[in-house]
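Written out below as structure tokens is the structure these notes cover.
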Amino acid sequence: MTVRIQKRNQDTKMVPVPSESIIPERDLGKLPVLECKHLGIDFGGLTAVEDFNLTIGKTEIAGLIGPNGAGKTTVFNLLTKVYEPTRGTVMINGIDTHGMDIVQASKLGIARTFQNIRLFSKMSVEDNVRIGLHNQIKYNMFSGILRLPSYWKREKQQHEKALELLSIFGMQDMADMQAGSLPYGAQRRLEIVRALATNPSLLLLDEPAAGMNPHETQELMDNIIKIRDQFQIAVLLIEHDMNLVMGICEGICVLNYGKIIAKGTAEDIQSNPVVIEAYLGKQKEAQA
Amino acid sequence: MIFLSNLVNGISLGSIYAIIALGYTMVYGIAKMLNFAHGDVIMIGAYIAFCALQYWNVPPLLALLIAMAFCTLLGITIEGLAYRPLRQATSLAVLITAIGMSYLLQNLALLIWGANPKNFPSSMIQIPAISLFGEQLRISGVTLVTILANIVIMILLTSFTMHTKLGKAMRCVSEDRGAAELMGINVNQTISATFAIGSALAAIAGILLCSAYPTLMPTTGSMPGIKAFTAAVFGGIGSIPGAMLGGVLLGVIEILGKAYISTELGDAIVFAVLIIVLLVKPTGLLGKPQREKV
């Protein structure tokens, strides 16, 4: 697949986006965890994402917002290699992911949650977390079937690690419950724990606060910051709850019709006329 | 006492169905496809064991291992060559491929071993029959081994799916393939492993089947294959305990039907029961209703 350079940006009436990144100062000079350059994908004749440029610092919390259908989840699918991009590159920790599959990208350190919860609902809470741990722990099939001492030792290690991860959200008491039987909010939190178990350097959260009440959302915001501080990872989240986005995201990227229409800090975005237009329609029409 | 004897025979035949049904149900649960060539893998397994015993004069246990190893490789090869390229294709295309694979295996066997039935050596299982209730109930060695093999396989397989990494990966892939991949589980490897396990079990089933019914032909696997598939659907396809339960019940129904209702209608009774169960409970005995993901 050849990479074509896009010249279409000049034709649109949108304000040109500054291509330099907006990563926080403490991450400057460190290898960015994610670098997208001119990323784009077509589905048949439809361009879903075009010229998507984004750099995320090592410990940055970034937000991806935009109206419904703007292509936010498509971007997540591009980053996790569910889709192979038509154009452009995705670099994770400085490694080009071109031609990689989902599993390889996951091993590079990218993990995600889903807009509609996709837990392994028939398995226990602890097993869901352990699935993520599997990549890091060596396993021997026969000691597992025959339950040799080495199996019990490893079991214990994994059990402790899983409980430790669950305790981030105070969920260690729920370890033996079936994942599908958890309350909605707990299922969302478990998805985050499961993603963390894969030891990612970039955590993608697809609408983590969907369906949560303001109190739960506040708790989630605290926890996202806590996770970032504790694990020293970067977080990119898609969210419609503006309190959450404006509250914790250091860099925000606004997507509309598959294109970035604005980038900046919370203040920049809130006062940006292009963003307001994308969300609320043109001001002239509103006045008329 | 005749009833008890029929019951034991039914459980024994049912155990063979159950072991075959495991192959169908695991592959369906994980790869979401019906591997209609599975019945013919049984036949190939039996032929390999036959050759090992008859021509190479190896001890029975080694013959079993050779047959299992061969079938494992065969299963992985079939999956890799025929089914993997069709992973994104419609399920109908995969189904047709599986049927084609079934005929390919049958005709290969015809080419290699000829159309004449082979007499499967009785030296495979040399365990004396036991008598209970003062000679009134006689259980043959083959029957005994079959039932025991079924129990052991059930225990090992349950332990495997619950406690090993690969087993857990299989459960994940069967529940949500996309999410499993994003958690770093290699779906292709997992599906290959499923075929490997199913085919190794098919070899065991083939040997047990031919020890009980020693006529070995290229079509030997077809009917037990279809019955085991029925058993898998009967118990709830995709469910491992369901395959076990369905298989054993089906064997018991078949033998009892033949003994007490009509010998000719034995198979008809089996399939009639399947139809009735599916009318009452479309997901099978232990199957859970599928939730649609939005």
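The values are calculated or read from the model by the stated rules, or taken from the named source; none is laboratory data. Please read all numbers here as calculations on a predicted model, not as lab measurements. No Cβ is skipped: glycine too gets one built from the backbone with ideal geometry, and neighbour counts run over all protein chains shown.
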Does residue B:162 qualify as being assigned to a helix (DSSP H, G or I), away from chain A (no Cβ under 14 Å) and surrounded by fewer than 20 Cβ atoms within 10 Å (Cβ to Cβ)?
no
So, in the range A:228-247, of the ones that are β-branched (Val, Ile, Thr) and at pLDDT 90 or above, which residue ends up nearest to residue A:209 (Cα to Cα)?
A:238
Run residue B:238 past the list (1) surrounded by fewer than 19 Cβ atoms within 10 Å (Cβ to Cβ); (2) of a type in the set (Gly, Ala, Ser); (3) not in a helix (DSSP H, G or I) and report the number of the one that doesn't hold.
(1)
Condition first: over 26 Å from residue A:249 (Cα atoms) and away from chain B (no Cβ under 13 Å). Can you find one or more residues in the range A:200-211 that meet it?
no
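Going through B:208, B:166 one at a time, which residue ends up being at pLDDT 90 or above and aliphatic (A, V, I, L, M)?
Unique residue meeting the criteria: B:208.
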Output for the range A:106-118, where each listed residue is surrounded by fewer than 23 Cβ atoms within 10 Å (Cβ to Cβ) and at the interface with chain B (Cβ under 9 Å from one of its Cβ atoms)
A:107, A:114, A:116, A:118
Of the residues in the range A:124-152, those that are within 8 Å of chain B (Cβ to nearest Cβ), in contact with a helix residue (DSSP H, G or I) (Cβ under 6 Å, 6 or more places away or on another chain) and at pLDDT 80 or above come to A:130, A:131, A:132
Looking only at the range B:143-159, which residues are at the interface with chain A (Cβ under 7 Å from one of its Cβ atoms) and either hydroxyl-bearing (Ser, Thr, Tyr) or surrounded by 23 or more Cβ atoms within 10 Å (Cβ to Cβ) (or both)?
B:159
Sort through A:31, A:54, A:64 and tell me the only one that's at pLDDT below 90, assigned to a strand (DSSP E or B), closer than 21 Å to residue A:263 by Cα and more than 10 Å from chain B (Cβ to nearest Cβ).
A:54
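In the range B:205-223, what residues are under 28 Å from residue B:11 (Cβ atoms) and in contact with a helix residue (DSSP H, G or I) (Cβ under 6 Å, 6 or more places away or on another chain)?
Of everything in the range B:205-223, those that are under 28 Å from residue B:11 (Cβ atoms) and in contact with a helix residue (DSSP H, G or I) (Cβ under 6 Å, 6 or more places away or on another chain) turn out to be B:205, B:206, B:207, B:208, B:209, B:210, B:211, B:212, B:216, B:220, B:221, B:222.
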Across the range A:183-193, what is the total count of residues that are at pLDDT 90 or above and either touching a strand residue (DSSP E or B) at 6+ places or on another chain (Cβ under 8 Å) or not in a helix (DSSP H, G or I) (or both)?
1
Could you tell me whether residue B:66 is at pLDDT 90 or above, surrounded by fewer than 22 Cβ atoms within 10 Å (Cβ to Cβ) and closer than 22 Å to residue B:121 by Cβ?
yes
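Residue by residue, here is whether (1) modelled with pLDDT of 85 or more; (2) away from chain A (no Cβ under 14 Å); (3) in contact with a His (Cβ under 7 Å, 6 or more places away or on another chain); (4) within 20 Å of residue B:11 (Cβ to Cβ) holds:
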residue: B:248; (1), (2), (3), (4): yes, yes, no, yes
residue: B:268; (1), (2), (3), (4): yes, yes, no, no
residue: B:275; (1), (2), (3), (4): yes, yes, no, no
residue: B:279; (1), (2), (3), (4): yes, yes, no, no
residue: B:285; (1), (2), (3), (4): no, yes, no, yes
Look through the range B:81-98, keep the residues that are free of Cβ contacts under 8 Å to residues at least 12 places away in the same chain and outside any loop (DSSP other than H, G, I, E, B), and return whichever of them is surrounded by the most Cβ atoms within 10 Å (Cβ to Cβ).
B:86
Is the range B:201-213 home to any residue that is part of a helix (DSSP H, G or I), within 10 Å of chain A (Cβ to nearest Cβ) and surrounded by 21 or more Cβ atoms within 10 Å (Cβ to Cβ)?
no
Among (1) surrounded by fewer than 19 Cβ atoms within 10 Å (Cβ to Cβ); (2) within 13 Å of another protein chain (Cβ to nearest Cβ); (3) under 28 Å from residue B:12 (Cβ atoms), which single condition is residue B:167 missing?
(1)
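Look through B:29, B:23, B:39 and report the one residue that is closer than 19 Å to residue B:78 by Cβ, at pLDDT below 90 and assigned to a helix (DSSP H, G or I). Let's see the steps before the verdict.
Numbers: B:23 fails: at pLDDT below 90; B:39 fails: at pLDDT below 90.
So the residue among B:29, B:23, B:39 that is closer than 19 Å to residue B:78 by Cβ, at pLDDT below 90 and assigned to a helix (DSSP H, G or I) is B:29.
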So which of B:135, B:175 ends up being without any contact (Cβ under 8 Å) to a residue 40 or more places away in the chain and within 14 Å of chain A (Cβ to nearest Cβ)?
B:175
Please enumerate the residues belonging to the range A:175-195 that are within 14 Å of another protein chain (Cβ to nearest Cβ) and in contact with a Phe, Trp or Tyr (Cβ under 7 Å, 6 or more places away or on another chain).
A:179, A:191, A:193
Report, by residue number, each residue of the range B:175-189 that is in a helix (DSSP H, G or I), surrounded by fewer than 22 Cβ atoms within 10 Å (Cβ to Cβ) and not hydrophobic (A, V, I, L, M, F, W, C).
B:175, B:177, B:178, B:188, B:189
If you check every pair at least six apart or on different chains, which have Cβ atoms under 6 Å apart with a residue in the range B:34-50 that is touching a residue at least 40 places away in the same chain (Cβ under 8 Å) first and a residue that is surrounded by fewer than 24 Cβ atoms within 10 Å (Cβ to Cβ) and polar (S, T, N, Q) second?
B:36/B:102; B:37/B:102; B:39/B:222; B:40/B:102; B:40/B:106
Hits in the range A:77-91 (condition: surrounded by fewer than 24 Cβ atoms within 10 Å (Cβ to Cβ), within 14 Å of chain B (Cβ to nearest Cβ) and hydrophobic (A, V, I, L, M, F, W, C))
A:82
Residue check for residue A:168: touching a strand residue (DSSP E or B) at 6+ places or on another chain (Cβ under 9 Å), part of a helix (DSSP H, G or I) and either without any contact (Cβ under 8 Å) to a residue 24 or more places away in the chain or away from chain B (no Cβ under 13 Å) (or both)
no
If only one of B:194, B:220 is within 16 Å of the chain's Cα centre (by Cα) and not in a helix (DSSP H, G or I), which one is it?
B:220
Let me spell it out: the conditions are (1) over 22 Å from the mean Cα position of the chain (by Cα); (2) more than 16 Å from residue A:70 (Cβ to Cβ), and residue A:213 meets all of them except one. Which number is the exception?
(1)
Residue check, residue B:178 out of contact with any strand residue (DSSP E or B) (no Cβ under 7 Å at 6 or more places or on another chain) and under 20 Å from residue A:118 (Cα atoms)
yes
